[in-house]
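These notes are about the structure you will find just below.
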Amino acid sequence: MADMRQTIEMVVTVKAYPSISTRYGETVCVAGVRTDTREPEWVRLYPVQYRDLDYARRFSKYQRLTLDVLEASDARPESLKPVIDTIELGGTLNTADGWAERRGLVEPLMIGSMCQLRALQASEGRSLGVFRPATVDGLTWEKVGDEWVGQKQAVVDQPSLFFPGKSGLERIPYRFRYQYHCRDAGCPGHSQTIVDWEIAQLYRSLRDRGDAEPDVLRKIKDKWLGQMCSDRRDTAFFVGNQFRNPDGFLVLGVFWPPRS
């Protein structure tokens with residue numbers, strides 16, 4: 001693309017909890033499906049300083065966007081750099097008729113397994129995918145520090161130019177993981193961190209209303225394992241890798257329409 005600007009149309013499917021970059025500040029990884037191409041294809045937008053966006057440009061999952069993009073600084077084929085002040089919001093795909101609109105968007109991109117995605121990453125650099133796991137074996141968590149460390153704390157402490165009263169980004173004190181197996185014969189099993197903004201926000205909401213910590217964790221497990229991965233759902237995982245760790249795939253979000 002040689003740094004030439006182009007306009008794209010897309011639907012957002014995943015929005016990760018903000019992370020701290022010493023280069024870009026507080027950023028969010030946003031990914032979705034391009035709808036202006038002959039065939040639907042993945043796109044990743046980075047960097048997106050979401051909490052610094054004007055409210056008229058703040059988007060939700062499954063919302064249509066039109067925006068200008070430039071070539072990204074990383075080599076992953078799906079990555080593009082958004083021109084933030086060109087974002088225009090469109091309608092949001094609803095969940096009517098068994099998530100029919102959302103199924104029509106996601107199903108054409110469905111692949112067989114995480115094991116298959118790893119092979120595609122090795123052969124062609126593929127860094128985003130969606131698939132249905134054969135079994136979801138558990139959801140676990142581990143305690144992590146609740147403070148940012150070193151330079152990252154300095155970035156968090158910097159005041160926002162656009163929203164002077166913006167609170168510092170909270171570090172969620174738990175890392176949640178799915179354990180699951182693919183449909184591939186011989187799959188060794190996978191354990192992957194969940195970075196979806198929604199699981200962090202559920203933790204914050206339950207804690208802030210006064211639930212005890214064990215109850216917060218139990219309710220998160222009830223939702224993200226018991227409900228979203230139940231046998232009444234056609235559960236699929238949106239996954240993506242990390243720029244500095246191409247082999248390190250994360251669960252970016254969950255697609256969980258009712259089983260048809």
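The values are calculated or read from the model by the stated rules, or taken from the named source; none is laboratory data. Since the model is a prediction, treat every value here as computed from it, not as a measurement. All Cβ positions, even for glycine, are placed from backbone atoms using ideal geometry, and neighbour counts span all protein chains on display.
Condition check for V106 on (1) assigned to a helix (DSSP H, G or I); (2) in contact (Cβ under 8 Å) with a residue 40 or more places away in the chain; (3) more than 30 Å from T235 (Cα to Cα): one failure, at (3).
Residue by residue, here is whether (1) under 19 Å from the mean Cα position of the chain (by Cα); (2) at pLDDT 95 or above holds:
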site	(1), (2)
T135	no, yes
D146	no, no
G150	no, no
F162	no, no
G168	no, no
Y178	yes, yes
H181	no, yes
S191	yes, yes
D222	no, yes
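Does W99 qualify as being out of contact with any Lys or Arg (no Cβ under 8 Å at 6 or more places or on another chain), crowded, with 20+ Cβ neighbours inside 10 Å and touching a residue at least 40 places away in the same chain (Cβ under 8 Å)? It is true that W99 is out of contact with any Lys or Arg (no Cβ under 8 Å at 6 or more places or on another chain), crowded, with 20+ Cβ neighbours inside 10 Å and touching a residue at least 40 places away in the same chain (Cβ under 8 Å). Out of segment 80-89, which residues are touching a residue at least 60 places away in the same chain (Cβ under 8 Å) and either outside the structural domain of Y46 (by TED's automatic domain parsing) or surrounded by fewer than 19 Cβ atoms within 10 Å (Cβ to Cβ) (or both)? Hits for segment 80-89 are V83, T86.
Every condition in (1) in contact with a helix residue (DSSP H, G or I) (Cβ under 9 Å, 6 or more places away or on another chain); (2) assigned to a loop (DSSP other than H, G, I, E, B); (3) β-branched (V, I, T) is met by T37 except one, and the failing one is (1). When R76, R64, R58 are checked against the criterion of being loosely packed, with under 15 Cβ neighbours inside 10 Å and closer than 28 Å to T235 by Cα, R58 stands alone in meeting it. The requirement of being under 26 Å from N245 (Cα atoms) and touching a Ser or Thr at 6+ places or on another chain (Cβ under 9 Å) is satisfied by C187.
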